[in-house]
Amino acid sequence: MLEVQLGALDAGLPPGVEEALDLVAAFDEALATGLGRLSQQGAQAVTGLAAAVAASPLGDRDAEAAEKVATGSVAGEHLTILAGARAALLGAVADALLARLDEALGRSRAPWEEPADGEAAAVPENLLVGCRSWLHEVAITGWRGVGHDLVAASDQAIEAMLAEPALRRPAVLLDGLAGELRASSPVATMEKLPARRWADLWTRALMLTQPGWSGAGDPGVPVSGRLLILGADVHEHATAVQLQVHGVLEPKDGGTPRLVRTAVSATKVDTIVGPAVWGVLQDHPVLLGALARHLSLDLTDMPLLASGDLLWDDAKAAAGELAAPFSTARVQLAGALAPAGPPLDRHPVAISEPVFVEGYKAAKVDGGLEFRVGGQAITVTTDRLPGCGPLTPQLLATSTACIGLLRWDGRWLLQPLAVQSTVKRQPVAAHTGDWALGPTDPKVVKSLARSGDAVAVLRERAGRLLRK
């Protein structure tokens, strides 16, 4: 069965995807040069992007915006409309890829239903205007023209946005983009630009800073039932860490099991790395305990967003019985209903679909790793393995079963969350979340004992400073 699924995924790109990506790449190159001084090729890229969405509700406005920008008459509203066209085109690509994936896996997916708006949060409009103005200036100048002065122009607006809780999401995004540009300045000296990544961040930032976006959100629908954990994905940066847990929710009312995920985050310093990062997430003991002990979770009125994300609250969860993730994957995963993605999150890079594969042979190829079944193979992303868990490339190379996330980056890739192998005829499993309550590997325990608990030391020092 796995061989058939991999063959279906590897049967070439869905119709139109390659052409759409080419249009986006051409626009991104124009953005790198600067939309304020377009060459003939750049002007064609801008008009080509608008032509791709001509049949959509954006069509007329995009055609007008593209014409204005191509002739050098650039206004902020024109740039925002073009950013919307780029987002729509990549959203269509993501939809096509997910349809191909669902067909290959035989997976059912719920249709998108627009959630009821939450209560509007009043935010100072001038903060949004300031950030949009900076984004417009960056687009007109182009990435290759960015220097320290232009990056510094964003500092005041971003700092003010970070102070507003309702604007924290776009503020963190903008802060990250500004940080990357600052570290790369002057950008003109770079040999190769991360043009797609920076264009993605620019586009999303413009979408998130539109008037009215921050004032309403999905309040979620309270759900109760049993959460069976499949695995954990850890996103770690120098100053922040996010734990994203994927699982199957069995509704209390007996409805269809659903694929869901939940995430908890914390800030940190860059010296907290490896297993120590679990220490900054200790405000969620119920969730961490379930990960480390492989327990189910009984949820009571936990808000579930239309995107399939649970708004985690430890107070609304209780540890349940033992529930081995590999048993859940074998029995429940195939029949679980997958959620539809929110319109703003429809992007190929955002695809992360839980899957279960077994009966493969691991093979090293060009310094990487593949899982092979018959004549089919899928590349394993060993570079995404977090340092806070027991999974290693060596462990993957001896595995025979894997719970992972299917991602897309020009091709389908598998990111392992847990693997299973046979040692002395007994199945042995390792999961990313096994060390959520502390490492279980004696060598790692000794290493941490020698170096000390970084989180505890920093908290103790912070406590002394506060007492003073």
- Message: Among the residues that make up the stretch 221-228, is at least one of them of a type in the set (A, V, I, L, M), buried (at least 20 other Cβ atoms within 10 Å of the Cβ), touching a Gly at 6+ places or on another chain (Cβ under 8 Å) and farther than 29 Å from Val123 by Cβ?
- Response: yes
- Task: Say whether the condition of being touching a Gly at 6+ places or on another chain (Cβ under 6 Å), closer than 29 Å to Pro339 by Cβ, of a type in the set (A, V, I, L, M) and buried (at least 17 other Cβ atoms within 10 Å of the Cβ) is met by at least one residue in the stretch 22-32.
- Result: yes
- Criterion: under 21 Å from the mean Cα position of the chain (by Cα) and closer than 23 Å to Ala188 by Cβ - qualifying residue of Leu101, Leu97, Leu167, Leu177: Leu177
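Determine, yes or no, whether Ser185 is modelled with pLDDT of 90 or more and surrounded by fewer than 19 Cβ atoms within 10 Å (Cβ to Cβ). Lay out the reasoning, then the answer.
Details: modelled with pLDDT of 90 or more: yes; surrounded by fewer than 19 Cβ atoms within 10 Å (Cβ to Cβ): yes.
Yes.
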- Item | Test: Val357 is within 25 Å of the chain's Cα centre (by Cα) and assigned to a helix (DSSP H, G or I) | no
- Could you tell me which of the residues Ala276, Ala340 is touching a helix residue (DSSP H, G or I) at 6+ places or on another chain (Cβ under 6 Å) and touching a residue at least 12 places away in the same chain (Cβ under 8 Å)? Ala276
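Can you confirm whether the stretch 317-330 contains a residue that is within 21 Å of the chain's Cα centre (by Cα) and buried (at least 16 other Cβ atoms within 10 Å of the Cβ)?
no
Does Ala55 satisfy the condition of being surrounded by 14 or more Cβ atoms within 10 Å (Cβ to Cβ) and either in the same structural domain as Asp155 (by TED's automatic domain parsing) or among the basic types (Lys, Arg) (or both)?
Considered against the rule, which asks whether it is surrounded by 14 or more Cβ atoms within 10 Å (Cβ to Cβ) and either in the same structural domain as Asp155 (by TED's automatic domain parsing) or among the basic types (Lys, Arg) (or both), Ala55 comes out as no.
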- Note on the structure: Filtering strands (runs of 3 or more DSSP E) wholly in the stretch 389-435 for at least 1 residues that are surrounded by fewer than 17 Cβ atoms within 10 Å (Cβ to Cβ) and in contact with a strand residue (DSSP E or B) (Cβ under 8 Å, 6 or more places away or on another chain) gives 412-423, 426-431
- Query: Scanning for something among the small types (Gly, Ala, Ser) and free of Cβ contacts under 8 Å to residues at least 40 places away in the same chain, does the stretch 380-389 turn up at least one residue?
  - Reply: no
- Item | strands (runs of 3 or more DSSP E) contained in the stretch 257-344 and holding at least 2 residues over 23 Å from Ala430 (Cβ atoms) and acidic (Asp, Glu) | 295-304
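Yes/no matrix, rows are residues, columns are (1) in contact with a helix residue (DSSP H, G or I) (Cβ under 9 Å, 6 or more places away or on another chain); (2) without any contact (Cβ under 8 Å) to a residue 24 or more places away in the chain:
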{"site": "Leu23", "(1), (2)": "yes, no"}
{"site": "Gly34", "(1), (2)": "yes, no"}
{"site": "Ala50", "(1), (2)": "yes, no"}
{"site": "Asp60", "(1), (2)": "no, yes"}
{"site": "Ala75", "(1), (2)": "yes, yes"}
{"site": "Thr80", "(1), (2)": "yes, no"}
- Item | Failed criterion for His237 (all others in (1) touching a strand residue (DSSP E or B) at 6+ places or on another chain (Cβ under 7 Å); (2) modelled with pLDDT under 95; (3) exposed (fewer than 14 other Cβ atoms within 10 Å of the Cβ) hold) | (1)
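Which one of these is β-branched (Val, Ile, Thr) and without any contact (Cβ under 8 Å) to a residue 60 or more places away in the chain: Thr267, Thr271, Thr328, Thr300? Lay out the reasoning, then the answer.
Details: Thr271 fails: without any contact (Cβ under 8 Å) to a residue 60 or more places away in the chain; Thr328 fails: without any contact (Cβ under 8 Å) to a residue 60 or more places away in the chain; Thr300 fails: without any contact (Cβ under 8 Å) to a residue 60 or more places away in the chain.
From the options Thr267, Thr271, Thr328, Thr300, the qualifying one is Thr267.
Quick one: count up the residues across the stretch 67-94 that are over 30 Å from the mean Cα position of the chain (by Cα) and either more than 25 Å from Ser133 (Cβ to Cβ) or surrounded by 19 or more Cβ atoms within 10 Å (Cβ to Cβ) (or both).
3
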- Scanning the stretch 360-374 for residues that are in contact (Cβ under 8 Å) with a residue 24 or more places away in the chain and in a loop (DSSP other than H, G, I, E, B), the one surrounded by the fewest Cβ atoms within 10 Å (Cβ to Cβ) turns out to be Gly374
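The values are calculated or read from the model by the stated rules, or taken from the named source; none is laboratory data. All of these numbers come straight from a predicted model, not from anything done at the bench. Glycine also receives a Cβ, built like all others from the backbone with ideal geometry; neighbour counts cover every protein chain displayed.
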